[in-house]
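The values are calculated or read from the model by the stated rules, or taken from the named source; none is laboratory data. What you are looking at is a predicted structure, and each value in this text was computed from that prediction instead of being measured. Cβ placement follows ideal geometry from the backbone for every residue including glycine, while neighbour counts extend to all protein chains displayed.
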Amino acid sequence: MSDDTHRRAGVGEHTAAARRVLLTPPVPGTLAHGPRITAAVRAAELTGQPGLAARYLAMTPRGAVAPDPALTGAVRDFTDRVTLAPGAAGPGLLRALTARGLDAPAVVALAQICAFVAYEARVASGLALLDGEPAAESVEHSPAPSPAGPRPPSAARFTLDELSWRPRIPAVDADALTAGQRAVLDAHATLSAASPYYRTLLHDPAALDHRTHVYNAVMYGRGGLPRAERELATLLVSRANGCVYCASVHGRKYALLSRDEATALRVLREGGDALADARGRALARFAEAQTSTPPRGGPAEVAALRAAGLTEAELTDLVHAVALFGWANRLMLVLGDAEPLRRPDADVPRDDARESCSRTPDRNPRTGDA
């Protein structure tokens, strides 16, 4: 299998670093190494990537203590729901974890692990497809459990309106940041302590740091897949996963970069069927297929992309953008809830093409494909 992650500087390095800090952190807190590895292995297996599962299992530290069976069951239930049906991940999942003794940093770390594996598994799957290999191995697993919380949203709930996001667990206090948390914010122009989303992820600052490096390289790196098409891919993935918040943010960014709000609205309502051109339809077919768990892309999807004129560099970018929002959507859906935004300036025209998934404007905006 080829690995073109080096083409985007830092993506491979920070993916590997995220894997380490999530699965084998020096101080694991109330989520010990054992359940961290267990969750990663389970998520990889469900996503049809036994090779990744074996890689995670091999990271188990010597002397790791077997976790309490009740905690193991809660971690497994959480992992199954977040991996198989993130749009149906209700707040009861988090309550089950806290009932077993996990504090807020441990809950965020577990959510990050499941979301990260969704990303890494889809990178592996997508690169395999580009090499002519299957997207995933056959997976024998029980269907996703019936949602005990909110069901995935209907198309009618998707909107280009700006939304707010409320965390389900206490976010880090913006006035009481540790030196490590402040250093992560200061290292990235796209992060802000004003965002409740980023203050929630700051419970695990090292994971947020490496995730942000990956995110910025994949979404804003120069050249390769045009920025508008990266946003289209993330819009399609967000819609398929049922993430109303991310679909709103990236629908607006796609509308601005493509100068075609009407198409963005149609995609929100209809998915990839709304796209009229062959390139857009091929991109949508690939993005929607790879969003499934396990991914179900095949030679036909890759052939359609190549026939539509995508270069190898563009194909690699598409693989990573689709995979990235397996990560982003799961964090948004599991750790909080999208809500209508009410503010005095609601009628001010939208003009920020770098709006982040926290609704925080970029402090160092870029233009074009940058």
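Filtering segment 236-254 to residues that are surrounded by fewer than 24 Cβ atoms within 10 Å (Cβ to Cβ) and over 17 Å from the mean Cα position of the chain (by Cα) leaves only Arg252. Kindly provide the set of residues from segment 270-294 that are over 11 Å from Ala240 (Cα atoms) and assigned to a helix (DSSP H, G or I), ordered by number. Passing the criteria: Asp273, Ala274, Ala278, Arg279, Gly280, Arg281, Ala282, Leu283, Arg285, Phe286.
Given the criteria within 21 Å of Ile169 (Cβ to Cβ), in contact with a helix residue (DSSP H, G or I) (Cβ under 9 Å, 6 or more places away or on another chain) and not in a helix (DSSP H, G or I), does Thr79 qualify? Don't jump to the end; show me each part of the working.
Numbers: within 21 Å of Ile169 (Cβ to Cβ): yes; in contact with a helix residue (DSSP H, G or I) (Cβ under 9 Å, 6 or more places away or on another chain): yes; not in a helix (DSSP H, G or I): no.
Spelling it out, it is not the case that Thr79 is within 21 Å of Ile169 (Cβ to Cβ), in contact with a helix residue (DSSP H, G or I) (Cβ under 9 Å, 6 or more places away or on another chain) and not in a helix (DSSP H, G or I).
Looking only at segment 62-71, how many residues end up being surrounded by fewer than 13 Cβ atoms within 10 Å (Cβ to Cβ) and on the phi < 0 side of the Ramachandran plot? Full working, then the answer.
Of segment 62-71, the ones surrounded by fewer than 13 Cβ atoms within 10 Å (Cβ to Cβ) are 62-63, 65-66, 69-70.
From the residues that got through so far, the ones that are on the phi < 0 side of the Ramachandran plot too are 62, 65-66, 69-70.
Count: 5.
Candidates in segment 50-71 are the residues that are of a type outside the set (Asp, Glu) and in contact with a Lys or Arg (Cβ under 9 Å, 6 or more places away or on another chain); of these, the one that is nearest to Leu31 (Cα to Cα) is Leu71. Each residue in segment 209-235 was checked for being under 17 Å from the mean Cα position of the chain (by Cα) and either over 25 Å from Leu163 (Cβ atoms) or without any contact (Cβ under 8 Å) to a residue 60 or more places away in the chain (or both), and 9 pass. Only one entry in Ala74, Ala39, Ala53 is more than 18 Å from the chain's Cα centre (by Cα), part of a helix (DSSP H, G or I), buried (at least 22 other Cβ atoms within 10 Å of the Cβ) and touching a residue at least 12 places away in the same chain (Cβ under 8 Å), namely Ala74. Taken over segment 82-110, the criterion of being hydrophobic (A, V, I, L, M, F, W, C), closer than 22 Å to Arg157 by Cα and not in a helix (DSSP H, G or I) is satisfied by Ala85, Ala89.
The residues of segment 285-294 that are hydrophobic (A, V, I, L, M, F, W, C) and buried (at least 22 other Cβ atoms within 10 Å of the Cβ), listed by number, are Phe286, Ala287.
The single residue among Asp204, Asp209, Asp186 that is surrounded by fewer than 19 Cβ atoms within 10 Å (Cβ to Cβ) and either modelled with pLDDT of 95 or more or β-branched (Val, Ile, Thr) (or both) turns out to be Asp186. Scanning segment 236-258 for residues that are free of Cβ contacts under 8 Å to residues at least 60 places away in the same chain and among the aromatic types (Phe, Trp, Tyr) yields one hit, Tyr254. Within segment 295-313, the residues that satisfy the criterion of being assigned to a helix (DSSP H, G or I), surrounded by fewer than 20 Cβ atoms within 10 Å (Cβ to Cβ) and not charged (D, E, K, R) are Pro299, Ala300, Ala303, Ala304, Ala307, Ala313.
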